[in-house]
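These notes are about the structure you will find just below.
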């Protein structure tokens, strides 16, 4: 038994040597520690700090290949053992959960009271902590926002093993700095989230999806503009787009039966003669345009494109102009869409696609991030793209994790 | 020379250097040094804290502002940013040896982009003016603090301001997309972006609500919200706050999300009647002001449900306002409430604690007990929908011990909020007023962790020092810091794996 294994094993019940199945985007860790409580996480991090070990947090492992591979992973800190939904206060519309709980389980608990965490399950089976770390969102972000609009409190363990809380059990709260914002989307590089508190929304009585064809990018933009400026109060405005193929715009309406009925009819009128109304979501709703089950070199290059709403047509046009087939789907009404480049396209060609799309998105106030890609592609492209205020981000990292031991290298600018 | 006077000399030299730099950068009208004029800025909306700043500067643009901050950084002179000075926690209270940076001359609305649902404004722009600029396009700026006719967007960003309608629409942090921020070293950074989800840490999320301790915004990109098709405001009279609280819970439990649910108790109603003759239901022990907005058919259905639930909770009178004039009349009583208590008491403390909504009846009863056992009157006016209490603790400062007794009741109310898992402040901020209460809500470790952010932005602690945190963290100390290999490993006594 090594020093590290002995040291971690003395503070955490489940510690074992890692195997190839534990790899984080190709990097096989030294040890796997599976703590059962915040206190155990703190002990593991204190022991790791004393030994100078690098630590990569893992939830349920559904997005571990996102971002960049870690430079080092002495310890894989697996939070899936902390999977309890701690408290659902239905009257207060809040839920408190451990970070390793699957988001589906949390939705199941709060769903019994006809409530929901207003974030779509874009990656099936993901944990609360992993969802926070990668800041995923789906169609309903248009009305519910993203994790930053839903997370009201959290417990974290710092790299030095100190346990800290921020926020609280109430939605309205301006006491102290809002640390939750910093943790969201940080890929586990600042601290390890062990518990989270979310605000909930009531589950709507009725839903309708109204879909219409978009002949070209200008048409798609016109339809989206019509809907967002109208009074139909869309819960989502999605676009589906294939290079060279046809496009579709789908609007989701949620609310009371009496209201949704009328708004669906009004939306249908806005979208034109061929619009259809359905009580069921269209195929591919709330899913990325890539196969989440594909692994290794078989996975597509997954892109996240953001832009102000007036940039939609240019982004769609740029995708359609690409020589390689790029499929796109996403929240046109929010300015966030996802695109997939097939796995077989060589790295240098993918790099060209990324560069061109990045130019268009940047011109429209947004960005292009390579969410995931085969190893060869990650080496050929600038995964995160240019980051304004990177120096300030590094200073924040230096304060929270001065030795850069938490998920080193996975995030922007080598963080 | 004693060390105190040496420090004073240093402070004077620093201020003199910044004043010289300001005179180079700004027109003469933007640099205030005369004692009598400096005193104009001695307090913000929380007037019982007063400090005269050593220097006031009123820059006209981002470049001038950044130049002033850079000079402060160079000479380690503390500075405090101030928008319209309406804050209720002393967040813009000046520093006696520091510079007050006033943004009131940076008032341009640079862009209103309907197609992108965005506006770009300077920090001194008045909150309501953003809505006025967006309204012709069918849009408005959703966060609406009670002071929206005078408060500034820069101040809103610093305080993460809320308002009556944040129950449905959220706070400033949910509506600010990007900001150019001058950090305490004088550099300008763009945080966030016009498009959502900028890659990297959400530093903007940390800066919003940091009460001017992490930097000063010089340009703010905000989200514009579509004006609703239909708005209905309902005034409901109840015999007791228990009934009004029960109605609030029933409405939320039914899945209705009103734009606002406000409550006033008998004493607050009495004050409002005396001040603005709002003609609220006679004899009410509590009133609710409920506002529903959205698509017309949905509002119609929600209204029927709310009316029924209020009835079932014991409402004895319900009045519906549908046109803007009637709505304004209902809101007049609510919005005048703070000022109105001046009619029934010479002095008062406004609290801003938050509790989980379901604890409302219990906490209101506990406040009533505190009031009767101490003899200190407490009027309650608050955002019932999100549990944000605004107890107004009334006292007469001319009576000996009255102020202390009121402070004691006020502190006990905050303790009640904390006991119920709530917060010491929902929208007014911590500032200088509630910094001492922070350790009641947060552990030393919690506060230390928050201050890591402060150390990243402002290691010298010159940006609004003394606010938010009861004790500053020394940024040089990094606890648990460990560099290089483990000593045992180095000595060849152990291997890591």
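The values are calculated or read from the model by the stated rules, or taken from the named source; none is laboratory data. This is a predicted model, so every value here is computed, not measured. Every residue, glycine as well, gets a Cβ built from its backbone with ideal geometry; the counts of neighbours run over all protein chains shown.
Quick check on region B:271-295: of everything there that is in contact with a strand residue (DSSP E or B) (Cβ under 8 Å, 6 or more places away or on another chain) and in a helix (DSSP H, G or I), which residue is surrounded by the most Cβ atoms within 10 Å (Cβ to Cβ)? Step by step, filter region B:271-295, then rank; the result is B:272. Filtering A:164, A:113 for residues that are in a strand (DSSP E or B) and surrounded by fewer than 24 Cβ atoms within 10 Å (Cβ to Cβ) leaves a single hit, A:164. With a requirement of 2 or more residues that are under 21 Å from the mean Cα position of the chain (by Cα) and under 27 Å from residue B:457 (Cα atoms), the helices (runs of 4 or more DSSP H) lying completely within region A:334-415 that satisfy it span A:390-400. From the list A:110, A:128, A:143, A:171, the lone residue that is closer than 25 Å to residue A:409 by Cβ and in contact (Cβ under 8 Å) with a residue 12 or more places away in the chain is A:128.
Inspection of region A:25-38 identifies at least one residue that is farther than 24 Å from residue A:123 by Cα, part of a helix (DSSP H, G or I) and more than 20 Å from the chain's Cα centre (by Cα). In the set A:119, A:109, only one residue is within 19 Å of the chain's Cα centre (by Cα), more than 26 Å from residue A:21 (Cβ to Cβ) and outside the structural domain of residue A:12 (by TED's automatic domain parsing); that residue is A:119. Within region A:124-145, one or more residues are more than 13 Å from every other protein chain (Cβ to nearest Cβ), outside any strand (DSSP E or B) and surrounded by fewer than 20 Cβ atoms within 10 Å (Cβ to Cβ). Scanning region A:72-87 for residues that are closer than 9 Å to residue A:100 by Cα and not in a strand (DSSP E or B) yields A:79, A:80, A:81, A:82, A:83, A:84.
Residue by residue, here is whether (1) closer than 24 Å to residue B:66 by Cα; (2) crowded, with 24+ Cβ neighbours inside 10 Å holds:
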{"residue": "B:123", "(1), (2)": "yes, yes"}
{"residue": "B:126", "(1), (2)": "yes, no"}
{"residue": "B:129", "(1), (2)": "no, no"}
{"residue": "B:135", "(1), (2)": "no, no"}
{"residue": "B:142", "(1), (2)": "no, no"}
{"residue": "B:154", "(1), (2)": "yes, yes"}
{"residue": "B:159", "(1), (2)": "yes, yes"}
{"residue": "B:167", "(1), (2)": "no, yes"}
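Consider residue B:330 carefully, then state whether it is outside any loop (DSSP other than H, G, I, E, B), touching a strand residue (DSSP E or B) at 6+ places or on another chain (Cβ under 7 Å) and over 19 Å from residue B:404 (Cα atoms). Considered against the rule, which asks whether it is outside any loop (DSSP other than H, G, I, E, B), touching a strand residue (DSSP E or B) at 6+ places or on another chain (Cβ under 7 Å) and over 19 Å from residue B:404 (Cα atoms), residue B:330 comes out as yes.
Every listed requirement among (1) away from every other protein chain (no Cβ under 13 Å); (2) more than 24 Å from the chain's Cα centre (by Cα) is met by residue A:248 save one, (2). Out of (1) assigned to a loop (DSSP other than H, G, I, E, B); (2) closer than 30 Å to residue A:167 by Cα, the odd one out for residue B:358 is which? The single condition residue B:358 does not satisfy is (1). There is no residue in region A:342-354 that is touching a strand residue (DSSP E or B) at 6+ places or on another chain (Cβ under 7 Å) and within 11 Å of another protein chain (Cβ to nearest Cβ). Of all the listed residues (A:52, A:67, A:81), the sole one being in contact (Cβ under 8 Å) with a residue 60 or more places away in the chain, within 13 Å of chain B (Cβ to nearest Cβ) and surrounded by fewer than 18 Cβ atoms within 10 Å (Cβ to Cβ) is A:52. Of all residues in region A:73-91, those satisfying the criterion of being in contact with a strand residue (DSSP E or B) (Cβ under 9 Å, 6 or more places away or on another chain) and closer than 19 Å to residue A:112 by Cβ are A:83, A:84, A:85, A:86, A:87, A:88, A:89, A:90. For region B:76-93, a residue qualifies if it is under 12 Å from residue B:462 (Cα atoms) and crowded, with 18+ Cβ neighbours inside 10 Å, and the qualifying residues are B:77, B:78, B:79, B:80, B:81. The residue that is nearest to the other protein chains (Cβ to nearest Cβ), counting only those in region A:3-12 that are farther than 17 Å from residue A:161 by Cα and in contact (Cβ under 8 Å) with a residue 24 or more places away in the chain, is A:3.
Each residue in region B:346-369 was checked for being away from every other protein chain (no Cβ under 12 Å) and surrounded by fewer than 18 Cβ atoms within 10 Å (Cβ to Cβ), and 7 of them qualify. If we scan region B:225-243, do we find a residue that is touching a helix residue (DSSP H, G or I) at 6+ places or on another chain (Cβ under 8 Å), crowded, with 22+ Cβ neighbours inside 10 Å and facing another protein chain (nearest Cβ under 8 Å)? Checked against the condition, which is being touching a helix residue (DSSP H, G or I) at 6+ places or on another chain (Cβ under 8 Å), crowded, with 22+ Cβ neighbours inside 10 Å and facing another protein chain (nearest Cβ under 8 Å), region B:225-243 yields no hits at all. Just to be sure, is residue A:214 in contact with a helix residue (DSSP H, G or I) (Cβ under 9 Å, 6 or more places away or on another chain), in contact (Cβ under 8 Å) with a residue 60 or more places away in the chain and crowded, with 21+ Cβ neighbours inside 10 Å? No: the conditions fail for residue A:214. Residue A:197 is checked against (1) under 25 Å from residue A:92 (Cα atoms); (2) at pLDDT 95 or above; (3) within 8 Å of chain B (Cβ to nearest Cβ) and fails just one. What number does that condition carry? So residue A:197 meets the others, but not (3).
If a residue has to be out of contact with any strand residue (DSSP E or B) (no Cβ under 7 Å at 6 or more places or on another chain) and surrounded by 13 or more Cβ atoms within 10 Å (Cβ to Cβ) to count, how many in region B:4-38 make the cut? Result for region B:4-38: 8.
Considered as a group, the residues in region B:162-197 that are more than 9 Å from chain A (Cβ to nearest Cβ) and assigned to a loop (DSSP other than H, G, I, E, B) include one that is nearest to the chain's Cα centre (by Cα), and that residue is B:163.
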